[in-house]
Every structure is written in C-alpha cells, then in structure tokens.
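Colleague: Take this structure first; my questions come after.
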Amino acid sequence: MAYGAWPLYPIAIAMLLINNSVNDIYAAMIFFIFVSMIIAYAMGIKVWSSKKKALTFSFLYVLSAYNFNWLFGTFGLGQAIGYIFVPFIFYEVYSIFFLKNKEWYFLALGMTGVIYTHILSTLIYSSVILITLIIINFMADGFWKNFKYFIYAYVTSLLSTLFYWNNIKELYSADISTTSVGSIASAKLGLGDAIVESLNGNNGTFGPLITILVIVGLILWNKQSKFAKITVAIGLLYFLGTTTVLNLVWNFLNHTPIVMIPWTGRLRMVSNFFFAVFATETVSVIVNDKNEYVKCCVYFSGNIYMLSIVIYILKPE
C-alpha cells in the first residue's frame, strides 16, 4: 500500500506472454533498462545538444554497477524503477532557470513517476531539489521570475498523485508502520573505506568506471565547466553523507521526517546520477584535448599513490 504498483505491470505482462518464471523477470528488467536508457539519452540531448555526450551519459548512468546492484542484487524494485525518472527531474530544474524552453512538465512527470514507485526516493530527491534551488538562487538571473514554473510542476505532480497521498494518510492514521524508523547516524563507514568500496563496486556502490572517471575529472578540475563542477559538488556532498564524515548532520536529522530513511547508503543514488553527469563531462574533456589523455595518465598514476596513502590514514582502527 505504501508503494505504487505500476512497476509490477510490465512483469505481469511478461508473465502472460512468456510463461517462464525466470525469463519473465529478466524480460521485464530488460524493458526497464531500455526505457531508462531512452530517457537518459533524450534528456542528455536536451542538456548537451550532443549525441555522443548523451549516449555516454546513458551508458554510464543506466548500466552503472550501482543501478545493476539494485535491479539484480537486491531486487529493490521501487528504488530501481524510481531511478528511471531522475533525468526528467534534474533536466527540468536546469531547464527552468538556464534554458529558454521552460519545459516544467518534465519535472512534474519525473516527480509523479518517483512518487508512484518509491516514497523514500521522493524524500531524498526533494532534498536534492531544495539544495539545487539554493545554489541556483545565487547563479541564475531572474530566479524568482522563473520560479513560477517550478510551482507549476509542483502543483501538477501533487494533483496527479492525490490517490497516493490519501493511501499514505490512511496508513499512518491506522498507525501501521510502513518502514523502519530509528537512528540513522550514518552508515558507520569511514571515508577511506567508502572510496575503496566504490572502486571495488561493493555493497551497491558506484563501481570502478565511474569512480575512476570522477577522480580523473577532479584532477582535470581547471578544464571542467561550471556546470560540471556544480554537479560533482552535489554528488560529493551526498557521497560524504554515506560516511562518518557527516555524522553530526545525521544526528540532527534524526529529529526530522527524513529519519524514515533506514539506511544512508540510499543517498548514493543521488551521487551516482551526478557522478555520471560529471564523468560524461570528463570523458568529453579527455576526448576533445588529446594531450589531456597523456597528462591524465601521468597525473592519475601519481595521485593513485597519494590516494592510497590518504585511504590508509583515514581508515579507522
């Protein structure tokens, strides 16, 4: 009752058509992956106006170790399907304040899709939107003039999900526990261990490809656009939120509604999205400047050594 049932329909249809328990599930998963890649590619075209960048982003985002872990490792269907709509959400926030075409309906569509699939993802993505709006307020001209389009999207998504919110109201008024609520004082994971896990792709982390591209992108910081720098900053903020670095923040948030999140590792879905965007920008920097590839290899080999020292120092006893 707490999660939208529409993601189950593709599986049900596959069961009717294929009539094989294992193949049914895999067919539905392939469908979800295909739809996700189409959405990521389409939104990438709108942001970069480049088919190569859009295709790179689609592969990095959808076929990431993180996404596959939620689809096939934990079978976290709600979170994995809600993840499909994220490009809609953040493209539209970008569009409202930085592009001529104010396609606010994409934000409404994205939030509606997430709400009907995973309530905890809705809470997390809403926090990202709030942080992004605060950043944009100091960057974009005519912020309050364009803010009305954000209101349009908010009201539309709210009205289109009234049935869902009524369901949640009934659940809580009946005092039924819909998710574990308790202390969320971080994932108790040190920063060094978190980086190592990300390189190894363990426990639903980003995997070596995105992790290495992010590290390389940080090395090439001066070559990155302002857009890329902001995206990686948001990604790093939420990544730090999965470690003991932000324990103090989590101790405060334990007294807010966000305590519904039983595991801070869920924040990695935000980092994975923004890291995929930043990784796409990094690939573009390397490809467009052939000399950067050689420099990058030299810098990276040296910085990996330094990184190993840092990880050793930060690793808890």
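The values are calculated or read from the model by the stated rules, or taken from the named source; none is laboratory data. Source: prediction; values computed, not measured. For neighbour counting, all protein chains shown are included, and Cβ atoms are generated from backbone atoms with ideal geometry for every residue, glycine included. These area figures cover heavy atoms from the full protein model, side chains too; ligands, DNA and RNA do not enter into them. Shrake-Rupley method; radii C 1.70, N 1.55, O 1.52, S 1.80 Å.
Okay, residues lined up against (1) aliphatic (A, V, I, L, M); (2) part of a helix (DSSP H, G or I); (3) crowded, with 16+ Cβ neighbours inside 10 Å; (4) within 15 Å of the chain's Cα centre (by Cα):
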position: Ser121; (1), (2), (3), (4): no, yes, yes, yes
position: Ile131; (1), (2), (3), (4): yes, yes, no, yes
position: Ile135; (1), (2), (3), (4): yes, yes, no, no
position: Asn146; (1), (2), (3), (4): no, yes, yes, no
position: Thr156; (1), (2), (3), (4): no, yes, yes, no
position: Phe163; (1), (2), (3), (4): no, yes, no, no
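Colleague: Let me ask another. What number goes with the only condition from (1) modelled with pLDDT under 65; (2) open to solvent by less than 10 Å² (accessible area, probe 1.4 Å) that Lys290 does not pass?
Modeller: For Lys290, the failing item is (2).
Colleague: I'm trying to understand the selection: among the residues of the stretch 107-127, which are in contact (Cβ under 8 Å) with a residue 60 or more places away in the chain and farther than 14 Å from Tyr83 by Cα?
Modeller: Ser127
Colleague: List the residue pairs whose Cβ atoms are under 7 Å apart, where the first residue sits in the stretch 74-93 and is of a type in the set (D, E, K, R), the second is outside any helix (DSSP H, G or I) and surrounded by fewer than 24 Cβ atoms within 10 Å (Cβ to Cβ), and the two are 6 or more positions apart or on different chains.
Modeller: Correct list of pairs: Glu92/Glu103.
Colleague: Would you check which residues across the stretch 57-76 are surrounded by 20 or more Cβ atoms within 10 Å (Cβ to Cβ) and either among the β-branched types (Val, Ile, Thr) or in a loop (DSSP other than H, G, I, E, B) (or both) and list them?
Modeller: Val62, Ser64
Colleague: When residues of the stretch 190-199 are filtered for being open to solvent by less than 10 Å² (accessible area, probe 1.4 Å) and within 18 Å of the chain's Cα centre (by Cα), how many remain?
Modeller: 2
Colleague: While we're looking at this one, here's another question. Restricting to the stretch 26-37, and then to whatever is surrounded by fewer than 17 Cβ atoms within 10 Å (Cβ to Cβ) and in contact (Cβ under 8 Å) with a residue 12 or more places away in the chain, can you tell me which residue is farthest from Ser58 (Cα to Cα)?
Modeller: Phe31
Colleague: Another question, then. Looking at Leu16, Leu71 in this structure, which one is out of contact with any His (no Cβ under 9 Å at 6 or more places or on another chain) and under 23 Å from Ile212 (Cβ atoms)?
Modeller: Going through Leu16, Leu71 in turn, just one is out of contact with any His (no Cβ under 9 Å at 6 or more places or on another chain) and under 23 Å from Ile212 (Cβ atoms): Leu71.
Colleague: Evaluate the following for Lys46: is it outside any helix (DSSP H, G or I) and touching a residue at least 24 places away in the same chain (Cβ under 8 Å)?
Modeller: So Lys46 does not fit the description; no.
Colleague: Right, another one. For the subset of the stretch 227-265 comprising residues that are at pLDDT 90 or above and more than 17 Å from Leu191 (Cα to Cα), which member is nearest to the chain's Cα centre (by Cα)?
Modeller: My answer is Thr231.
Colleague: Over 18 Å from the mean Cα position of the chain (by Cα), at pLDDT 65 or above and not in a loop (DSSP other than H, G, I, E, B) - does that describe any residue in the stretch 200-212?
Modeller: Within the stretch 200-212, one or more residues are over 18 Å from the mean Cα position of the chain (by Cα), at pLDDT 65 or above and not in a loop (DSSP other than H, G, I, E, B).
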